[in-house]
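The block underneath contains the structure these notes are about, expressed in structure tokens.
The values are calculated or read from the model by the stated rules, or taken from the named source; none is laboratory data. As the structure is a computational prediction, the values presented were derived from the model and not from experiment. All Cβ positions, glycine included, derive from the backbone under ideal geometry; neighbour counts span all protein chains shown. Calculation scope for accessible area: heavy atoms of the full protein, side chains included, ligands and nucleic acids excluded. Shrake-Rupley method; radii C 1.70, N 1.55, O 1.52, S 1.80 Å.
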Amino acid sequence: MKKVIVIGAGPAGLSCAYELSKRGIEVLVFEASDQIGGMSRSFDLWGQRVDLGPHRFFSKQKEVNSFFKELVKDDFTLVNRQTRIFYDGKYFQYPLKFGNVMKNLSLITIFQILWDYLIQIINPIKNPKNLEEWISNRFGEKLYTIFFKNYSEKLWGIKCTQIDADWAAQRIKTLSLIQAVISALFNNRSNKHKTLVDQFAYPKNGTGTLYEKAAEAIKKQNGEIFLKTPVQRILIDDINNHAHGVELNNGSIIKADHIVSTMPLTYLVKGIKNTPLKVSKAIDSLYFRNTVLVYFEIDKKNLFDDNWLYIHSPEVKLGRITNFRNWCPSLTKKKDTTILALEYWCFEKDDLWTQTDNLTIDLAKKELSHINLISKEIKIINSKIIKVPKCYPVYETGYQENLNTTIDFLKNIKNLFPIGRYGAFKYNNQDHSILMGLLAANKITNNSQVDLWQINTDTEYQEDGKIKDVLAY
Ligand SMILES: Cc1cc2nc3c(=O)[nH]c(=O)nc-3n(C[C@H](O)[C@H](O)[C@H](O)COP(=O)(O)OP(=O)(O)OC[C@H]3O[C@@H](n4cnc5c(N)ncnc54)[C@H](O)[C@@H]3O)c2cc1C
């Protein structure tokens, strides 16, 4: 019998604990907050149900979908995705659709887009190193400037030339303009099956239901979950590089045979005693971006049709708006108001993170009316701020070298498994974190040789799956 400590009750930690406890392993989950689900939690707000911003679940991975189906069962619905980009007073469908882009732009801009695209095809940048080079290579400079530059710089808080091309390769659908034209003209009409990009499965009571159900199952399977119990550090035996337990914030020491950590990688490493100088330097250069969410309850039912909108307009700091009314009716609990979540991104030293909630709420109200999304007659009846720390690992150019130094060090501690979004410093979606959790459980129980650091499911490959195949009942 093995005893495993799992740090964090988000998707990565809970999927791992679920699988381990199902196999009869003794599992203790320590969660710092008072809630289940991490960044993918759902909660009640003003009589309705909401998530932390938009949470679309999609995966073509068999084991990830089985995890979802085993726990959520029939209690989900299929949501038709509608998401658009708001730029220069116009709405553009996202993922970009060729016809729609052409309709919304002037002839001169279209000419510039095609011209720049042609130049990139004739003379591409060899080995693009940063986001600007990577996207320009695929879309041309003009399309990059309109649809990627502003938004990426708002999100990351650094110039696109400082963002590693890795991020783009991991997250941006590699659409070619020529393919897009062909598909706009000939293709999609005959394609009756919705793909994971058009439709997604969503638990009727919010995305966090999946993790609440996982927590219930873990307890039934004799696992234990301790909320409000932050882990301070991991205890490593210097002689044999063995992790033998954790120290909680309250000073108690808990022993275990294996430790799965989804706490921020930076904290994990800084908590380890006697780290080599090279590793300490490497970890000091890795950092995260934070999110500030402004929730508004608005006295109106139909504001706009999208699940969420990307706000590319550079004149506002606002980056994305989720409209929970457009996800599924069960979230609204029969109320006639709309809850929006406005996303802002910042670092810990920025005003947005440190200033009073009232100042941020005022800014959000001004920006909503500046982009004409709500008129003066519409009443905001409630507002609330939620701050989510460390939600985006920043892939600044050169980060990979520092991450590799850290990984090489951690790989020597054979019974420690850092996984998850901030746990492994990987820009994971829920499905990636779940996959990491399930595979970590396999490593512990079956000694599988999979390298968890290499887990990186390809977004495009995932989205092209047919919804009927992956969630068929
Ligand atoms: C605004 C926003 C929108 C998103 N949209 C989507 C989307 O549309 N689709 C999608 O699939 N994903 C989306 N994501 C990403 C998704 O939320 C994450 O990928 C997922 O929650 C990561 O799971 P995790 O378990 O790796 O980490 P987390 O969810 O962060 O869970 C880690 C847990 O560890 C706990 N913890 C941290 N430190 C300690 C400690 N010292 N001791 C004990 N516990 C600790 C934390 O409290 C947390 O509960 C979005 C995220 C955000 C912020």
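Taking 0.36 nm per residue of separation and subtracting the Cα-Cα distance, what length does fully extending THR397 through ILE381 add? List each step's numbers first, then the result.
Details: separation 16, 0.36 × 16 = 5.76 nm, distance 4.33 nm.
Between THR397 and ILE381, full extension yields an extra 1.4 nm.
Gap in Å between the Cα centre of the stretch 108-131 and the Cα centre of the stretch 405-451?
Centre-to-centre (Cα) distance: 37 Å.
Can you give me the distance in nm between label points at LYS129 and LEU114, each placed 7 Å from the Cα along the Cα-to-Cβ direction?
3.5
Let me check the size of the chain from its C-alpha atoms; what are the radius of gyration and Dmax in Å?
22.7, 69
List, in the order given, every pair from LYS204/LYS335; LYS22/LYS255; LYS300/LYS335 whose Cα-Cα distance in the structure shown is over 18 Å.
In this structure, LYS22/LYS255 lie more than 18 Å apart at Cα.
Tell me what the chain gives for mean residue ellipticity at 222 nm when only DSSP H runs of n ≥ 4 count, each as -39,500 (n - 2.57), the sum divided by the residue total, rounded to 500 deg cm²/dmol.
Values: 18 runs with 162 residues, N = 473.
Only helices count here, giving -9500 deg cm²/dmol.
FRET efficiency for LYS270 and LYS69, Cβ-Cβ distance as r, R0 = 35 Å, nearest 0.05? Could the numbers behind the result be given before it?
On the way: r = 39 Å, r/R0 = 1.10.
After rounding, the FRET efficiency stands at 0.35.
Considering only protein heavy atoms, with the full assembly of protein chains and a 1.4 angstrom probe, order HIS55, HIS312, HIS244 by accessible area, largest first. Each step should come with its number before you reach the end.
On the way: HIS55 30, HIS312 5, HIS244 55 Å².
Largest to smallest exposure gives the sequence HIS244, HIS55, HIS312.
Probe of 1.4 angstrom, ligands and nucleic acids ignored: what's the accessible area per residue over the chain, in square angstrom?
Working: 21230 Å² over 473 residues.
Result: 45 Å² per residue.
Scan the stretch 294-397 for GluC sites (Glu not before Pro) in coil per DSSP, keeping those whose Cβ has at most 11 other Cβ atoms within 10 Å, and list them by number.
Passing sites in the stretch 294-397 are GLU315, GLU377.
Ignoring ligands, DNA and RNA, what percent of the accessible area of the chain is carbon or sulfur (1.4 Å)? Could the numbers behind the result be given before it?
Details: 10590 of 21230 Å².
That share works out to 50 percent.
Give me the one-decimal nm value for the distance between modelled label points at ASN302 and LEU45, 7 Å along each residue's Cα-to-Cβ direction.
About 2.4 nm separates the two model spin labels.
Report Rg(Cα)/(2.2 N^0.38 Å) for the stretch 1-108, keeping two decimals.
Numbers: Rg = 20.2 Å, N = 108, 2.2 N^0.38 = 13.0 Å.
Cα-based Rg divided by the globular estimate yields 1.55.
Over the Cα atoms of the stretch 367-425, what radius of gyration and what Dmax do you get, in Å?
Rg then Dmax for the stretch 367-425, in Å: 20.9, 62.
Considering only DSSP beta bridges where both residues belong to the chain, give the percentage that are antiparallel (nearest 5). Walk me through the numbers on the way to the answer.
Numbers: 52 of 71 bridges.
Antiparallel: roughly 75 percent of the beta bridges in the chain.
Between the stretch 262-323 and the stretch 363-397, what is the separation of their alpha carbon centroids in Å?
13
Can you compute the FRET efficiency between LYS97 and SER33 using 1/(1 + (r/R0)^6), with r the Cβ-Cβ distance and R0 = 51 Å? Round to the nearest 0.05. Spell out each step's value before the answer.
On the way: r = 40 Å, r/R0 = 0.78.
Working from the Cβ atoms, E equals 0.80.
Between the stretch 60-94 and the stretch 231-259, what is the separation of their alpha carbon centroids in Å?
38
Along the Cα→Cβ direction, 7 angstrom out, place labels at LYS255 and HIS242. What is the inter-label distance in nm?
About 1.1 nm separates the two model spin labels.
With an 8 Å Cα cut-off and a minimum separation of 6 or more residues, compute the relative contact order for the chain in percent. Working shown, then result.
On the way: 912 pairs, mean separation 122.6, N = 473.
Computed value for the chain: 26 percent relative contact order.
Would you work out if the stretch 334-404 is rounded, prolate or oblate? Take a ≥ b ≥ c from the square roots of the eigenvalues of the alpha-carbon gyration tensor; rounded if a/c is under 1.5, else prolate when a/b is larger than b/c, oblate otherwise.
Values: a/c = 2.59, a/b = 2.32, b/c = 1.12.
In terms of gyration-tensor shape, prolate.
Using a 1.4 Å probe, how large is the accessible area of VAL246, given in Å² and rounded to the nearest 10?
0
Can you list, largest first and rounded to whole Å, the semi-axes you get for the stretch 228-361 by taking the square root of 5 times each eigenvalue of its Cα gyration tensor? Write out the running numbers ahead of the final one.
Working: eigenvalues 354, 81, 35 Å².
The answer is 42, 20, 13 Å, longest axis first.
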